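Read through the structure below, which is laid out as structure tokens, and then see the notes.
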Amino acid sequence: MQEVRRYRVRGRVQGVAFRAFVLRTAASLGLDGWVRNRADGSVEVLAHGKVDDLDELSRRLLRGSRWSRVDDVNVLVEEDELGGLNGGFSIRPTA
């Protein structure tokens, strides 16, 4: 089974190569989607793939990258967000 999940990661996650960490992690899991910084200092991730792979992404986001500090990860299952999620994983500009 596949689904789309939107993650909001809060903590020290900007300016510490967190988006690159998410890009590598998601690509290694075979997920489609994107990651971007948010103006409020959080990082947003939209990912599509197998439920088991999304669960693993959740675990890795909670651990964070080497230089980050993750305080909270909010996860939402999206119903209708497949537009533009069919070509790998990318980093998007800050929203």
Check: Tell me, Glu44, Glu79, Glu3 in order of fewest to most beta-carbon neighbours within 10 Å?
Finding: Glu79, Glu3, Glu44
Next item on the list: Scale the Cα Rg of the chain by the rule-of-thumb value 2.2 N^0.38 Å and send over the ratio, two decimals.
Entry: 0.96
Next item on the list: Let me know the charge dipole size of the chain about its Cα centre in debye, to the nearest 20, where only the beta-carbon of Lys, Arg (+1) and Asp, Glu (-1) is charged.
Entry: 660
Next item on the list: Starting from the Cα of Arg66, move 7 Å in the Cα-to-Cβ direction to define the label point; list residues of the range 5-37 whose amide nitrogen is under 17 Å from there.
Entry: 13-25
Check: So what's the back-of-envelope 222 nm ellipticity for the chain, counting only DSSP H runs of four-plus at -39500 (n - 2.57) apiece and dividing by all residues, rounded to 500?
Finding: -8000 deg cm²/dmol
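Every number here is computed from the coordinates shown, using simple stated rules; none is lab data. None of these values were measured; they are calculated from a predicted model. Cβ coordinates were reconstructed from backbone atoms using ideal geometry, including for glycine residues, and neighbour counts include every protein chain displayed.
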